[in-house]
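**Student:** I am attaching a structure below and will ask some questions about it afterwards.
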Amino acid sequence: MGAFTPANIAVFVVLVAAALFLDLAAHRQDRPIAMRDAALWSLFWVLLSLGFAAYIGLSHGRSQGMLFVAGYFLEKSLSVDNLFVFIAIFVSFSIQAELQHRVLYYGILGAIVMRLIFVGLGGSLIALLGKGFLALCGVFVLWTAWKMWRQSREEAREQKDYSNHWAVRLTRRFFPVCPQLAGHAFLVRRDGVLMATPLLLCLVVIEFADVLFAFDSVPAIFALFTGLEDSLDIPTQTFLVYTSNIFAILGLRSLYFLLAAANRFLRHLEKSVIAILVFIGLKMLAGVAEVVHVPAEVNLFIVLGLLSVGVFASLARPGPKAQ
């Protein structure tokens, strides 16, 4: 099939803008997100993403639609650990549940822009450096898997204090800091001086955390699309990587509130994520070496299959964390 057209891009932009507006309109009140509400919104975001995947499949072929779904679920799976970091950040700044959705909403808006930069840069480096950069991405993905495996073997992870994060210190160079929250305001004027509230500091740390997460997830999804039976051109790869990233990110707020309540029941999901990264890293290196070419359907089934194993294992053998 041909490359993606301006009409395809317009459909994506309109869908994302409409969904964000709907989400903002539905959560105007500063109140905690109930688990039932979070579950319904999570279902909405998944169905919207699968609807866009169907649109890609109809307009550009079943293979590319399935690649989008594989990239989407890979980004979702990589986001699980990141959401636990968000929980720690909110604790550090003492942000109550009723304000967390507001912070995450604007954090997602920033992530949409930052992911566009990362994905565009990744596509440019692939076009410029070719197989050398792809091989580097494969090694980086394997290193990410090893890092996650090493961390998972630690008996107890320290609860980090993000209130003195370097991003906070950087923000204080530009704005004096108000020690108290001022409702849901990010900035407040006191005695004629514009001051940053703890809510803004929390948002800044979350934005910088997402930049670090992008270093893991963007190469991993580019790696997923490498070494396929039907090779994709760079613009097509870039479009699929970015759109699958954004649709996965759009549902993170709802997923966050679900995981905040149920994270202790998903103790084996991290092992599935590690296995997925190992598969992708090895597949990418094999593709660069032209040893094997993997069909898009196989990518999707392996990613979904490994995720399913982690979920079912967590439900079947919850272990001490779920007691």
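**Student:** Tell me which residues, restricted to segment 59-81, are at pLDDT 85 or above and among the charged types (D, E, K, R).
**Tutor:** Scanning segment 59-81 gives a single hit, 62.
**Student:** State yes or no: is residue 181 at pLDDT below 80 and more than 25 Å from residue 306 (Cβ to Cβ)? Steps first, please.
**Tutor:** Working: at pLDDT below 80: yes; more than 25 Å from residue 306 (Cβ to Cβ): yes.
So residue 181 passes the test.
**Student:** Going residue by residue through segment 28-42, is there one that turns out to be polar (S, T, N, Q), surrounded by fewer than 18 Cβ atoms within 10 Å (Cβ to Cβ), over 12 Å from residue 252 (Cα atoms) and modelled with pLDDT of 75 or more? Walk me through how you get there before you give the answer.
**Tutor:** So in segment 28-42, the residues polar (S, T, N, Q) come out as 29, 42.
With surrounded by fewer than 18 Cβ atoms within 10 Å (Cβ to Cβ) added as a condition, the list becomes 29.
Still in the running and over 12 Å from residue 252 (Cα atoms): 29.
Next, from what is left, pick out any that are modelled with pLDDT of 75 or more: none.
No: segment 28-42 contains no residue that is polar (S, T, N, Q), surrounded by fewer than 18 Cβ atoms within 10 Å (Cβ to Cβ), over 12 Å from residue 252 (Cα atoms) and modelled with pLDDT of 75 or more.
**Student:** While we're here: Kindly indicate the residue of segment 68-118 that is small (Gly, Ala, Ser) and over 15 Å from the mean Cα position of the chain (by Cα) and also nearest to residue 311 (Cα to Cα) among those meeting that condition.
**Tutor:** So the residue we want is 88.
**Student:** Give the residues of segment 66-91 that are surrounded by fewer than 20 Cβ atoms within 10 Å (Cβ to Cβ) and either without any contact (Cβ under 8 Å) to a residue 60 or more places away in the chain or over 15 Å from residue 255 (Cβ atoms) (or both), sorted by residue number.
**Tutor:** Within segment 66-91, 88, 91 qualify.
**Student:** Quick one: residue 63 ticks every box in (1) small (Gly, Ala, Ser); (2) within 21 Å of residue 10 (Cα to Cα); (3) out of contact with any Phe, Trp or Tyr (no Cβ under 9 Å at 6 or more places or on another chain); (4) surrounded by 18 or more Cβ atoms within 10 Å (Cβ to Cβ) except a single one, so which number is it?
**Tutor:** (2)
The values are calculated or read from the model by the stated rules, or taken from the named source; none is laboratory data. All values reported here derive from a predicted model rather than from experimental measurement. Glycine gets a Cβ as well: all are built from the backbone with ideal geometry, and neighbour counts include every protein chain shown.
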